[in-house]
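The values are calculated or read from the model by the stated rules, or taken from the named source; none is laboratory data. Predicted model only: the values in this text are computed from it and were never measured. Glycine also receives a Cβ, built like all others from the backbone with ideal geometry; neighbour counts cover every protein chain displayed.
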Amino acid sequence: MRDPRPTSSAGTSWSAVLALAERELELVRGGDAESLPAAIAERAALAAGLGPASRPQLERLADVQQQILVELTLARDELVRELAALQRGRGAVHGYRRTAGHAPARTDSAV
């Protein structure tokens with residue numbers, strides 16, 4: 001992967017911001033939530049000191065940001081589904097426990 005740090009020209013600097021945004025997208029798609037905050041901070045710090053960008057650069061950056069948002073929303077929705085399934089499972093276990101009462105002393109008797 002090429003070094004996304006800025007060089008002397010403004011175009012190259014915005015290109016570096018775009019490269020960092022694309023890196024964030026890769027992190028999100030790869031499920032690397034732990035590295036994401038640092039990547040976001042790095043991009044924000046770099047973008048804060050830059051001058052105006054060209055329209056195509058901003059449009060591409062907006063597209064990548066939208067993709068990041070979509071991926072994060074999908075990941076959140078999956079987590080919500082998993083948590084709901086865990087809660088249902090936990091409720092079922094508690095329900096079975098109440099219904100079962102105490103376990104018999106022996107379980108090997110003939111039926």
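Below are the figures for this structure:
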| quantity | calculated |
| --- | --- |
| In the stretch 70-88, the residues that are under 22 Å from Arg29 (Cα atoms) and hydrophobic (A, V, I, L, M, F, W, C) | Val70, Leu72, Leu74, Ala75, Leu79, Val80, Leu83 |
| Flag for Ala21 being touching a helix residue (DSSP H, G or I) at 6+ places or on another chain (Cβ under 7 Å), of a type in the set (Gly, Ala, Ser) and within 18 Å of Leu74 (Cβ to Cβ) | yes |
| Selection within the stretch 53-82 - outside any helix (DSSP H, G or I) and under 14 Å from Leu20 (Cβ atoms) | Ala53 |
| Inter-residue pairs, beta-carbon under 9 Å, first more than 10 Å from Gln57 (Cβ to Cβ) and at pLDDT below 55 and in the stretch 6-20, second surrounded by 16 or more Cβ atoms within 10 Å (Cβ to Cβ) and β-branched (Val, Ile, Thr), 6+ apart | Pro6/Val17 |
| Residue among Leu50, Leu86 that alone is assigned to a helix (DSSP H, G or I), at pLDDT below 95 and of a type in the set (A, V, I, L, M) | Leu86 |
| Residue in the stretch 65-78 that is surrounded by 15 or more Cβ atoms within 10 Å (Cβ to Cβ), charged (D, E, K, R) and within 14 Å of Ser13 (Cβ to Cβ) present | no |
| Of all residues in the stretch 11-47 being polar (S, T, N, Q) and part of a helix (DSSP H, G or I), the one that is surrounded by the fewest Cβ atoms within 10 Å (Cβ to Cβ) | Thr12 |
